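The values are calculated or read from the model by the stated rules, or taken from the named source; none is laboratory data. Source: prediction; values computed, not measured. Cβ placement follows ideal geometry from the backbone for every residue including glycine, while neighbour counts extend to all protein chains displayed. Side chains are part of the model used for accessible areas, which takes the heavy atoms of the whole protein and leaves out ligands, DNA and RNA. Shrake-Rupley method; radii C 1.70, N 1.55, O 1.52, S 1.80 Å.
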Amino acid sequence: MSSAVTAANPPPPPRKIDGLRLIALFKFAKVLLLIATSYGVHKLLDANIIERLYTWSSTLSDDRLERKLIERALDWVEDLGAKRIQIFVAVTVAYTAMALIEGVGLWMRKTWAEWLTTIFTASLIPFELWELLKRPPGHRLPIAVTLLVNIIIVAYLVWFIRRQQRAGQH
């Protein structure tokens, strides 16, 4: 094709919300949840908050599931210790940064973000499979859903990258 024909017939602009943007929105939602999680876990380093949560949970009925769950979670947090909580927060912040970079790059339709998201998301799949096999049968649904979503994201991005390469746009 001549350049005049190409200039006269530019490729149609991408749709405003397509697969890349849906994945980006998913990444942004994940970032918000991770920020909230990091903040909440960081706040648990304060012994006063732990004590206030214990006091509040004691006002619940002894046989209420909520009380048992809260006290179990608080015991677990206390057993972790400050150093492990700080490590958890640091890892969560790093993961949040990666998800934000992926989301922004995908939203801006950057090729590097397509590759980064594909590689990073695919690298999590073996760990999710291991976790799925390791968990007791009644606790597998969240991991199975996460695994399924990540497989769909990777499959879509591989398809998208290949399609773009065949079209010569990348």
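Summary of computed values
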| quantity | calculated |
| --- | --- |
| Selection from the stretch 10-27 of residues that are open to solvent by less than 60 Å² (accessible area, probe 1.4 Å) and of a type outside the set (Asp, Glu) | Gly19, Leu20, Arg21, Ile23, Ala24, Lys27 |
| Flag if Val89 is aliphatic (A, V, I, L, M), open to solvent by less than 80 Å² (accessible area, probe 1.4 Å), modelled with pLDDT of 85 or more and in contact with a His (Cβ under 7 Å, 6 or more places away or on another chain) | yes |
| Pick from the stretch 125-143, criterion among the hydrophobic types (A, V, I, L, M, F, W, C), surrounded by 13 or more Cβ atoms within 10 Å (Cβ to Cβ) and at pLDDT below 95, ranking: farthest from Lys27 (Cα to Cα) | Leu132 |
| Any hit, the stretch 70-93, residues being more than 14 Å from Ile23 (Cα to Cα), acidic (Asp, Glu) and in contact with a helix residue (DSSP H, G or I) (Cβ under 8 Å, 6 or more places away or on another chain) | yes |
| Which listed residue, of Arg64, Arg52, Arg109, Arg84, is out of contact with any Ser or Thr (no Cβ under 7 Å at 6 or more places or on another chain), on the phi > 0 side of the Ramachandran plot, among the charged types (D, E, K, R) and surrounded by 11 or more Cβ atoms within 10 Å (Cβ to Cβ) | Arg109 |
| Residue tally, condition more than 14 Å from Leu20 (Cα to Cα) and open to solvent by 60 Å² or more (accessible area, probe 1.4 Å), over the stretch 147-161 | 2 |
| Every pair of residues 6+ apart whose Cβ atoms lie under 8 Å, when the first sits in the stretch 74-97 and is within 29 Å of Thr55 (Cα to Cα) while the second is of a type in the set (Phe, Trp, Tyr) and part of a helix (DSSP H, G or I) | Leu74/Tyr54; Leu80/Phe88 |
| Conditions (1) out of contact with any Lys or Arg (no Cβ under 6 Å at 6 or more places or on another chain); (2) farther than 30 Å from Phe120 by Cβ: number failed by Leu60 | (1) |
